[in-house]
Amino acid sequence: MFQLQPPACLTPAMKKQIFFVDWWLFIPMLVLLTFSLIIMSSINVSLFKSQLFSAVLVIIIFFIVANLSFERLKSFSLPIYIFSLIVLGIVLLLGIESHGAVRWVSLFGASIQFSEICKPLLVLAMAAFLSQHTNTEGKYMFLVLILILPILLFIYLQPDLGDAIIYLAVTLFVLVMYGYSLRWFLLASLPVLVALPLFWSRLHDYQRERILTFLHPTSASTAASYNSIQALIAVGSGMLWGKGLNGGTQSSLRFLPERHSDFIFATLTEELGFIGGVIIIMTYLVLLYRIYILFKSTDDAYARLFLSGAFALILIHVFLNIGMNIGLVPIVGVTLPFVSFGGSSLIANGILLGLATALAKNTRNKQVLEIS
């Protein structure tokens with residue numbers, strides 16, 4: 001973690017606020033963005049241009065958010081929650097339908113997926129809410145679950161089962177880190193277990209097929225298992241060094257569906273091989289380890305809860321995306337952070353790392369004050 005040297009004309013307060021950057025968060029982000037641009041240039045030039053614009057925008061957003069006051073953001077938890085409810089409701093009313101789902105809103109000519117943008121914001125709001133309470137009474141846990149329920153419902157109705165699962169998983173992870181005992185989670189899970197048959201009946205046909213394909217790949221229909229089979233072929237055919245850019249048969253010949261988003265890892269490993277896949281995974285490990293170090297270096301409940309959510313958000317995204325590409329989990333529409341195509345996903349993750357950097361700056365400033 002370093003502090004760049006600003007021009008002498010700036011005051012000490014301005015220096016501290018503007019030029020701070022946590023390199024252990026920023027450099028992994030740049031590495032992942034670089035891999036994304038390389039793969040997009042191989043897939044399609046128009047995708048590359050769009051992703052390049054989004055990447056530049058994300059870097060700008062990262063620096064803006066990184067130099068906000070992390071402590072002051074704590075007072076915005078309620079407005080953030082209300083904003084999330086409003087925009088997710090607007091998506092259902094005015095959203096653009098694509099591939100049978102309504103997940104995007106057109107704004108100034110750009111398609112925005114608010115279910116992505118709201119992820120880091122809701123983690124921040126949840127951390128602020130829980131940090132205001134010093135005990136682990138069950139009522140606060142159930143209150144958090146009640147508050148997240150309409151968010152889950154709005155996202156599920158789009159329909160977007162993958163993001164709904166991520167929101168719920170991150171919420172549960174933060175509650176665990178908060179210190180709730182296992183008995184509260186068992187109690188909260190009882191209604192869910194009872195409602196499972198109803199939940200299964202409410203799933204869309206393609207969602208049920210994805211789960212059945214994962215559980216019984218050999219007995220599933222060819223149409224249901226096609227995506228999974230093509231992804232496995234792409235990953236395996238890349239071998240150690242890959243087939244080179246534009247050399248992948250599954251991706252370049254479009255046997256692999258959603259090769260630029262959901263199945264970007266399969267595209268990457270087909271063209272850059274096992275080595276390329278390992279570099280990507282190692283970069284995520286560096287990113288996660290840095291968030292863990294920040295978590296260990298602070299005693300502030302608000303900061304620790306936010307970092308817990310940030311850690312879970314990145315880890316779950318990476319696990320689900322790579323897992324479905326190599327057949328470890330059922331296929332869900334989940335992006336690979338900073339690598340998959342899509343401006344909304346990039347912006348959301350840029351905000352997340354920007355907030356983590358703002359927290360790192362705040363922690364550093366406190367340590368400097370304590371020493372002096």
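Filter K74/K296; K119/K296; K139/K361; K119/K361 down to the pairs with a C-alpha to C-alpha distance above 29 Å, please. K139/K361, as the Cα separations exceed 29 Å there.
For the pair I27 and S189, the difference between a 0.36 nm per residue extended length and the Cα-Cα distance amounts to 54.3 nm. Of the GluC sites (Glu not before Pro) found in the range 88-161, those in coil by DSSP whose Cβ has at most 15 other Cβ atoms within 10 Å are E137.
The stretch between M239 and S50, if pulled fully straight at 0.36 nm per residue, gains 65.1 nm over its current Cα-Cα span. The listed peptides 120-133, 23-36, ordered by packing as a protection proxy, come out as 120-133, 23-36 (highest mean of other Cβ atoms within 10 Å first).
Bear in mind that the values in this text are calculations on the coordinates, not laboratory data. Model, not experiment: these values are computed from the prediction. Reconstructed Cβ throughout: ideal geometry from the backbone, glycine too, with neighbour counts over all protein chains shown.
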